[in-house]
Amino acid sequence: MDKRNGFTLVELLVVIAIIALLMAILIPALNRAREGGKRAACLSNCKQLVLSWGLYADDNDDKIANGNTSLDGNPAGGFNKDDDCWVYWPGWSATEAERIKGVKDGLLFEYCPNIKLYQCPTGIRGEVVTYAIVDAMNGYDAIPGAGQIIKKRTQIRESGKRAVFLDEGRLSPASWTVWYDQEKWWDQITARHGDGTNFSFVDGHSEYWKWKDPRTLEVALMDYDTWQSSGRFGPLASSPGNEDLHKVQRAVWGKLGY
């Protein structure tokens, strides 16, 4: 009698169904683990950058690096031209090589000479720098109600609460701006690594902040060009009672100005 070893059609379908079920369970878990790894790498980048920022201040009588990325000025004025920039913005159409040169020519490259540390692992392809220094830390001072711009580290109180770097998403020709005296966003906030953003602080630590208000995610997910042209002037920029916004404003300015 010819006895054959093998699966019946029903058995094969059962095996396929089990594999599909396992894949459905494992793939989201693997994606979360992968995203968690990218978040950890991004946090480490933020920490390395703020440590290099501190080393620069150590070597310059506590003067902190210019938080802007351009010395060319702007029709609205207000750029801090007291010294060179922490990195340079080479323009929207710049090549990757020009973007890398902008980092190497900056004030902090001597203290953080690894190009990979300037970009979040989930950053835009070809964008060499995704982190920004906030306005208050020797940055852009033209936005109305911006409050005091800090020039020296000795001016900073509660160093564990004052942000220096955040993951902006892409480099821009200034520092990262948020209103001081109004409940409004100005520059777009990012949502990475599970709908949040990484920050680093004056005392050298870094933190991941997960957004809680759905309006914050609407700002983060808006098309970049739309936000730049009209979104920041529209109703979504105003966010009364948004604790995410309040938390960011306190980290940038040290207090709310309203």
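Of everything listed in (1) in contact with a helix residue (DSSP H, G or I) (Cβ under 7 Å, 6 or more places away or on another chain); (2) under 26 Å from Asp84 (Cβ atoms), the single unmet condition for Tyr208 is (2).
Within segment 185-230, the set of residues being among the hydroxyl-bearing types (Ser, Thr, Tyr) and without any contact (Cβ under 8 Å) to a residue 12 or more places away in the chain comprises Thr226, Ser229, Ser230.
Among the residues of segment 175-186, those identified as assigned to a loop (DSSP other than H, G, I, E, B) and closer than 21 Å to Lys47 by Cα are Ser175, Thr177. With respect to the conditions (1) surrounded by 20 or more Cβ atoms within 10 Å (Cβ to Cβ); (2) modelled with pLDDT under 95, Ala65 lacks only one, and its number is (2). Note on segment 187-243: residues that are surrounded by fewer than 16 Cβ atoms within 10 Å (Cβ to Cβ), charged (D, E, K, R), at pLDDT 95 or above and not in a loop (DSSP other than H, G, I, E, B) amount to 3. So which residues in segment 244-255 are part of a loop (DSSP other than H, G, I, E, B) and touching a residue at least 12 places away in the same chain (Cβ under 8 Å)? Once the filter is applied, which keeps residues that are part of a loop (DSSP other than H, G, I, E, B) and touching a residue at least 12 places away in the same chain (Cβ under 8 Å), segment 244-255 yields only Gly254. Among the residues making up segment 157-170, those that are without any contact (Cβ under 8 Å) to a residue 60 or more places away in the chain and at negative phi are Ser159, Gly160, Glu168, Arg170. The number of residues in segment 116-160 that are surrounded by 14 or more Cβ atoms within 10 Å (Cβ to Cβ) and part of a loop (DSSP other than H, G, I, E, B) comes to 23.
When Glu183 is tested against (1) surrounded by 18 or more Cβ atoms within 10 Å (Cβ to Cβ); (2) of a type outside the set (Lys, Arg); (3) farther than 27 Å from Gly37 by Cβ, just one condition goes unmet, and that condition is (1).
The values are calculated or read from the model by the stated rules, or taken from the named source; none is laboratory data. Note that the structure is a prediction, hence the values are computed from the model and not measured. Glycine also receives a Cβ, built like all others from the backbone with ideal geometry; neighbour counts cover every protein chain displayed.
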